[in-house]
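For reference, the structure discussed in these notes is given below.
Read-outs throughout are calculated quantities, based only on the coordinates presented, and are distinct from any laboratory measurement. This is a predicted model, so every value here is computed, not measured. All Cβ positions, glycine included, derive from the backbone under ideal geometry; neighbour counts span all protein chains shown.
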Amino acid sequence: MERVYNPISPKCRKILHGADYNPEQWRDDIHILDEDIRLMKLAHCNVVAMGMFSWAALEPEEGRYDFRWLDDIMDRLYANGIYVILATPSGARPAWLSQKYPEVLRVGENRVRNLHGRRHNHCFTSPIYRERVRNINTLLAKRYKDHPALLLWHVSNEYGGACHCDLCQEAFREFLKEKYQGDLDALNKAWWTSFWSHTYTEWSQIESPAPHGESLVHGQNLDWRRFASHQTIDFYKNEIIPLREYTPNIPITTNFDDYISIYNKGVNYWEFAPYVDVVSWDNYPYWHGERENWIEGSRIGFIHDINRALKGGKPFMMMESSPSATNWQPVGKLKRPGMHALSSIQAIAHGSDTVQYFQWRKSRGSSEKFHGAVVDHCGHENTRVFKEVAELGDILDRLDPVIGTSVEPEVAVIYDWENSWAIDDAQGPRNEGKDYFITCQSHYRQFWSRGIPVDVINMDSDISKYKLVIAPMLYMVRSGVGEKIEEFVDNGGTFVTTYWSGIVDEHDLCFLTGFPGPLRKTVGIWSEEIDALYDKDVNYVKVDTKLLPDMKGKYEARVFCDLIHAETAETLAVYETDFYAGRPALTVNKYGEGKAYYIGFRNNNEFLYDFYGNIISSLNLRRCLNIDLPMGVTAQMRTDGKSDYIFLQNYSDGEKTINLKGMKLKELLTDDFIDGYIDMPEYSFKILVRECKQD
Ligand code: GLA
Ligand code: ZN
């Protein structure tokens, strides 16, 4: 790879290090603001993100503005070498605005209008809200367009959720009319409304899903989610009009959250990404929690890899992370010494060009007063957390060569938003523990733990550049995707899919051509039935070790067991027990120049590790370091085509020894050559440089 991306902003060619800064909470205390700047410099911070919750301070009454405090802070930050990522304030609005224009308040799915309060509580359709937001954004853009501190726009804050008010209902109907080209019959067919007599005869009968109304028409639920995502993006597009107009050279982002893992119900980031100049996301891992740290490490790696893939490999920003505890998690465990640096370096390793925190200074009151911050209530730098942040800042300061570099993985895992919505919505084959996200992660982890870079993509992404594409539980197959996968395999690609794939089309309507529908020819099997197991149930599969010599003879099968017929595929493993004993459980189909594997059962790490071990060696997939890594250690890399930057990271709770003999590596931070064994204490990392072979 010879490509190096531009830095996030040409104004600052450094890894960005900083935090969400809320000076409006301390406006009256000049001493604190002075201290902040002193401490930021001490912590090697070169950026702050601010303004996301400043609306009431900027516009205390409708049409009365006060920008002086912001002018002053912007000036002082810049004078001290600190840039500003300036937010638009739409995420939380002043009370006068809700009071005067109640239509801006969000309506819940129960059709009750929220009261003023909290944040992220507005209607995305309301023309008044859009107008008020556009107004304040225009004023900000005009005022700060030439300010040298302005580095980037941070539009709103973690967009998400939906509004069910009358304006949104009308907009939903308009969205549907456009989608179905004014043909209500087409909508009825797509939603299968003949079921339970749900046929619509007027557009005006259609409403958003509601707990006390319609919620079981899956096509309708899906289109509502698509609409809510679309409307959010549309709201954003309205927000950025003045920013583009007055500051055409200032890049724009909005901070994505990790709802992928938590609620999985929000905005479709694949649809959003084309409209931001740089992807940014907020990262709150559960270190030292119920999951082992290395499992958590690979979970976060997976999300970083989505964020990098969203713009085809372009470096992204870690806009938020906690320097210590995260107070909304069930248990706000402190990061153990070392974990802060490791977790921050992890972001860089996967393609972030920033390490940023929520929050700079702990607020004194309200709901985030106990959330981790760089500066604690004691207000000085003599704290464990501050010291760790400052030490890390010093390291980040020395990572200039990494800026703009990326990676081109040979492997992709498909984790698809709409597919995830549809799997969750479906009733059956089990209603608990369908675990699409966790399943995708368990496949991903086999590469993470071997130090093989992976892109995490959605099903519409281009797959032609990969050697191996893995699509666990590809329940929904949108039109064109089956054909694309077929072509990929035909041209020599290796494809792996699993049970519960190829079941429905983009309307959530079942394929009638035998499952896995459009994948059937490529994988060469027919899935006749699927058995759902209770958690206590276990079946076993027997692997044909003549065909897969690196695998063990026997593995567990749990949760889902697909009852398949090998049509053109070859059987690699069979079930051992139950009435389907002896039937195929794992198959491979040679198709054109490539191969397509079908895993018929849910399995565990042991199976996946061995299974992918086989594929990795047969495809000769590139590892960041050509060695077997100890359990809990990963290596990720970025490259500029001349040097590879390899980030070796130990997530296990103990020291690991690694043999790097003969690898011609240099340590980036010390410039020392490394040859031989190195000891890596728990939660430690090393950044290694390797010169690329030039042809
Ligand atoms: C989110 C928000 C921040 C803050 C943090 C706390 O990511 O964007 O404003 O509330 O959570 O973890
Ligand atoms: Zn609304």
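What is the calculated FRET efficiency for T670 to T201, with r their C-beta to C-beta distance and R₀ = 60 Å, to the nearest 0.05? Using R0 = 60 Å, I get an efficiency of 0.20. In the chain, if the dipole is taken from +1 on Lys/Arg beta carbons and -1 on Asp/Glu beta carbons about the Cα centre, which of I646, G301, Q427 is farthest to the positive end? Toward the positive end, the furthest listed residue is I646. Note on the chain: along the principal axes its Cα atoms extend 76, 75, 47 Å, ordered by decreasing extent.
Each residue of the range 633-691 gets 70 Å³ once the volume of the Cα convex hull is shared out per residue.
Net charge of the neighbourhood of L150, taken over other residues with C-beta under 11 Å away and scored Lys/Arg +1, Asp/Glu -1, is +2.
You can think of it this way: the chain between D460 and N620 has 55.0 nm of extra reach, that is 0.36 nm per residue less the Cα-Cα gap. Full extension of the segment from E109 to R364, taken as 0.36 nm per residue of separation minus the current Cα-Cα distance, would add 88.4 nm.
Couplings 3J(HN,Hα) for the range 354-368, derived from phi with the Karplus relation 6.51 cos²θ - 1.76 cosθ + 1.60 (θ = phi - 60°), are 9, 10, 10, 10, 10, 9, 5, 10, 4, 6, 7, x, 6, 6, 10 Hz, where x marks Gly and Pro.
Among the GluC sites (Glu not before Pro) in the range 3-101, none is located in a DSSP loop while being surrounded by at most 10 other Cβ atoms within 10 Å of its own Cβ. In this Cβ point-charge picture (+1 for Lys and Arg, -1 for Asp and Glu), the chain has a dipole of about 980 debye about its Cα centre.
Note on the range 385-450: with charges restricted to the Cβ of Lys and Arg (+1) and Asp and Glu (-1), its dipole about the Cα centre is near 280 debye.
Remark: the N382-E61 segment gains 111.5 nm on full extension, using 0.36 nm per residue and subtracting the alpha carbon distance. Sorting the segments 417-429, 473-485 by their residues' average number of neighbouring beta-carbon atoms within 10 angstrom, most packed first, yields 473-485, 417-429.
For the range 1-148, the residue among N137, L86, T125 whose Cα projects farthest onto the positive side of the dipole built from Cβ charges is T125. Rounded to the nearest 20 debye, the dipole magnitude of the range 633-691 is 260 debye, with +1 charges on Lys and Arg beta carbons, -1 on Asp and Glu beta carbons, and the Cα centre as origin. So, counting K/R as plus one and D/E as minus one, what does the shell of residues with Cβ under 12 Å around P409 add up to? Combined, the nearby Lys, Arg, Asp and Glu give +2.
At an R0 of 45 angstrom, the distance between the Cβ atoms of I128 and C510 translates into a FRET efficiency of 0.55.
Under a 5 Å amide H cut-off, with hydrogens placed 1.01 Å from N, L150 pairs with V84 among residues at least 5 apart or on other chains. For every other residue with a beta carbon closer than 15 angstrom to the beta carbon of F67, add +1 if it is Lys or Arg and -1 if Asp or Glu, then tell me the sum. Neighbour charge sum, excluding F67 itself: -1. Measuring nothing but alpha carbons in the range 550-695 and taking Rh as the Kirkwood radius, the Rg to Rh ratio lands at 1.11. The lysines within cross-link reach of K335, meaning a Cα-to-Cα straight distance under 16 Å and a gap of 8 or more places when in the same chain, are K387. Residues whose amide H comes within less than 5 Å of that of M680, counting only those at least five positions distant or on another chain, are K656, T657, I658 (H built at 1.01 Å from N in the peptide plane). Between the listed residues F515, W26, G372, the Cα displaced farthest toward the positive end of the dipole of the chain, a dipole computed from Cβ unit charges relative to the Cα centre, is found at W26. If you count Lys pairs in the range 411-619 whose Cα atoms are under 12 Å apart, skipping same-chain pairs closer than 8 places in sequence, the total is 5.
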